[in-house]
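Everything on this sheet refers to the single structure shown next.
Read the figures in this text as sums done on the coordinates, not as results from a lab. Remember, predicted model here, so these are calculated numbers, not experimental data. Cβ: placed from backbone, ideal geometry, glycine included. Neighbour counts: every protein chain shown.
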Protein chains: 2
Amino acid sequence: MTEPKDLPKRKIIYDEDGKPCRSCNTLLDFQMATGKVSPVAAMSPMASAFNTAVTDFIPGSRTYRKVDPPDVTELGRSSWTFLHAMTAKYPEKPNLNQQGEMKDFLNIFSKVYPCHWCAMDFAKYIENHSPKVESRDELGQWMCEAHNHVNAKLGKPKFDCNFWKQRWKDGWE
Amino acid sequence: MTEPKDLPKRKIIYDEDGKPCRSCNTLLDFQMATGKVSPVAAMSPMASAFNTAVTDFIPGSRTYRKVDPPDVTELGRSSWTFLHAMTAKYPEKPNLNQQGEMKDFLNIFSKVYPCHWCAMDFAKYIENHSPKVESRDELGQWMCEAHNHVNAKLGKPKFDCNFWKQRWKDGWE
């Protein structure tokens, strides 16, 4: 069976040790890179079945299923949820200590984020756009713009940051 | 219409300003506390419809729906995903600088986490169980145990920490 000629080229991200990086690739790309799914299978309508059929439990448990580690998409979605919710709870008028802690936190976050190319990009963004920590409004706006920077890189539409508070703090009524 | 007598009592968590805290309660509790859903409606089989019917887009966008801020459950799930993935990418043998940064990060995390009672509980846990940052294995185990501490508080079963690497780093094969 030959592979179709119009198969999309996928760029795999590798770890420093030369192995495909799970938290830097989509699950499908990771599975293809590690030979768990062939590119042809990935193109088929049945491809999604490869991503969801994890139904057995871990040994000794009747609760916890054998769920695989998060891929880059799930990791990104989860982390933005945390980061935006954090800005929504940041003090309206933080004192200097709170401002310093938030700066430190974002700096370290940009080092320990578990997808190295995302982390480097965030660190560079922080370097060029110093986090605005003087008020909740400013930090919420800053985070929304940081997220839009990533959205643009991924070819996603921008979120209108005028609505950051409804999305992450107050809801839409 | 009277309310059924066996309606469960729900304890609502409030913010410092006396308003119900969205990121400290489940969505349903928050909606009940703010009068958006009556306790009777919350008990009905249609209750889930109140949680999911957010189908309109934000003004000016054809992409972004009016999604409400995360409740305490979504926030918790997202944050644990980030935290465990972070331990999976922590260096196997971190230098002293990396160890110090991780300690600082977890300390600040326990202050800025956007559910205040969860944050206080995490801060207390850190105080009594100093983060083990001398290797990836130790940090992964430590985070798994911290998560189990919360699982126990919520009446959830413990996760067998012998499997933390399969769950958060290597997958299950």
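Quick one: with label points 7 Å out along Cα→Cβ, list the inter-copy distances for B:Ser61 in nm, shortest first?
Shortest to longest, the spacings are 3.3 nm.
Where the label is 7 Å out from Cα toward Cβ, how close does B:Asp137 come to the same position in every other copy, in nm, shortest first?
Reported distances to equivalent positions: 5.3 nm.
If amide H atoms are built 1.01 Å from N in the plane of the peptide, which residues on other chains or at least 5 residues away come under 5 Å of the amide H of B:Tyr14?
Amide H to amide H, under 5 Å and 5 or more residues apart or across chains, B:Tyr14 pairs with B:Cys21.
Can you give me the relative contact order of the stretch A:63-173 as a percent, contacts being Cα pairs under 8 Å and 6 or more apart? Intermediate results must be reported in sequence, preceding the final value.
Numbers: 76 pairs, mean separation 32.8, N = 111.
After rounding, I find 30 percent.
Which of rounded, prolate, oblate describes the stretch B:72-170, given a ≥ b ≥ c as roots of the alpha-carbon gyration tensor eigenvalues and a/c under 1.5 marking rounded, otherwise prolate only if a/b is larger than b/c? Can you show the working numbers first?
Numbers: a/c = 1.73, a/b = 1.20, b/c = 1.44.
Judged from the Cα gyration tensor, the stretch B:72-170 comes out oblate (a/c at least 1.5, b/c at or above a/b).
Run the count for the stretch B:72-170, please: Lys pairs, Cα-Cα under 17 angstrom, 8 or more apart or on different chains.
15
Extending each Cα 7 Å along its Cβ direction at B:Tyr125 and A:Trp172, get the distance between those two points in nm, one decimal.
So the label points at B:Tyr125 and A:Trp172 sit 3.3 nm apart.
Using a label position 7 Å from Cα in the Cα→Cβ direction, what is the ascending list of nm distances from A:Ile12 to the same site in the other copies?
5.3
Counting only other residues whose beta carbon sits under 10 Å from that of A:Glu145, what net charge do I get with K and R as +1, D and E as -1? Walk me through the intermediate numbers first.
Details: positive: A:Lys132, A:Lys158; negative: none.
Local net charge: +2.
With a point put 7 Å past each Cα toward its Cβ, work out how far B:Val150 is from A:Gln98 in nm, to one decimal.
Those two pseudo-labels are separated by 2.2 nm.
Counting only Cβ atoms, what residue of chain B lies nearest to the axis that sends chain B onto chain A, and how many whole Å off?
That would be B:Ser78, 2, residue then distance in Å.
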